[in-house]
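The values are calculated or read from the model by the stated rules, or taken from the named source; none is laboratory data. The shown structure was predicted, so the numbers you read here are calculated from the model rather than taken from an experiment. Don't worry about glycine lacking a Cβ; one is built from the backbone with ideal geometry, like all the others, and counts go over all protein chains shown.
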Amino acid sequence: MGPLEIMFLALALSMDSFSVALSVGCAGQGIGKREAFRLAFYFGLFQGGMPILGWLAGTLIEPIIAPYDHWIAFSLLLFVAVRMIRSGVNPTEDVLQNDPTRGLSLMLLSIATSIDALSVGFGLSMLGMKIWTPSIVIGLITMLVSAIGVTTGSRLGLKFGKRMQIVGGVVLIMIGIRIVVSHMIG
């Protein structure tokens, strides 16, 4: 796999992270540089780390998780989305933390957006390819794309307020549905 192919692979894998980062930014009501960096760092770390895990696991874990990995991603995204929507609908109920780039939400989103990278690592191991360069490139590009997404979403959240939490939650549900449908279609 050449450098250009690795870049395209990294960009393709980072699109879910971008969409989720945009949604989180919208819900965050003014996320600062530190929070944006934290979200981007975790998304990049998980997205870059999962191919390594998939590569190491090889044939051991992929057959076990492949039949339902899309449902895991969907469930994690749905959980966070419902929390975002509830918080946007009922302003007195702050279901989300003041900082959605911390804690359980951050971990769930990081895992949900990087499950597909696990399969990529598995595929690369089956092709006998080395994993370190693709993993580093995937992680760095995801980090950059996620930073752009969360920053853009934060600006939208400041401009449009709590209703962006509802929009962000709906977007997360749509991403989850797309993951399930694309897996079922092939």
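Within the bounds of region 26-46, is there any residue that is among the hydroxyl-bearing types (S, T, Y) and surrounded by fewer than 18 Cβ atoms within 10 Å (Cβ to Cβ)?
no
Can you tell me which residue within region 3-34, out of those that are assigned to a helix (DSSP H, G or I) and touching a Gly at 6+ places or on another chain (Cβ under 6 Å), is modelled with the lowest pLDDT?
A27
In the set L11, L4, L53, which member is without any contact (Cβ under 8 Å) to a residue 60 or more places away in the chain, of a type in the set (A, V, I, L, M) and farther than 17 Å from R178 by Cα?
Checking each option against the conditions leaves just L4.
Please pick out the residue among R83, R155 that is in a helix (DSSP H, G or I), at pLDDT below 90 and surrounded by fewer than 16 Cβ atoms within 10 Å (Cβ to Cβ).
R155
Quick check: anything in region 122-138 modelled with pLDDT of 80 or more, surrounded by fewer than 22 Cβ atoms within 10 Å (Cβ to Cβ), under 19 Å from F8 (Cβ atoms) and hydroxyl-bearing (S, T, Y)?
For region 122-138, residues modelled with pLDDT of 80 or more, surrounded by fewer than 22 Cβ atoms within 10 Å (Cβ to Cβ), under 19 Å from F8 (Cβ atoms) and hydroxyl-bearing (S, T, Y): present.
Hey, any hits in region 35-45 for a residue that's within 23 Å of H183 (Cβ to Cβ) and at pLDDT 80 or above?
The answer is yes; a qualifying residue exists.
Just one of the numbered conditions (1) within 20 Å of S19 (Cβ to Cβ); (2) outside any helix (DSSP H, G or I); (3) of a type outside the set (A, V, I, L, M, F, W, C) is not true of G128; which one?
Tallying (1) within 20 Å of S19 (Cβ to Cβ); (2) outside any helix (DSSP H, G or I); (3) of a type outside the set (A, V, I, L, M, F, W, C), G128 fails exactly one: (1).
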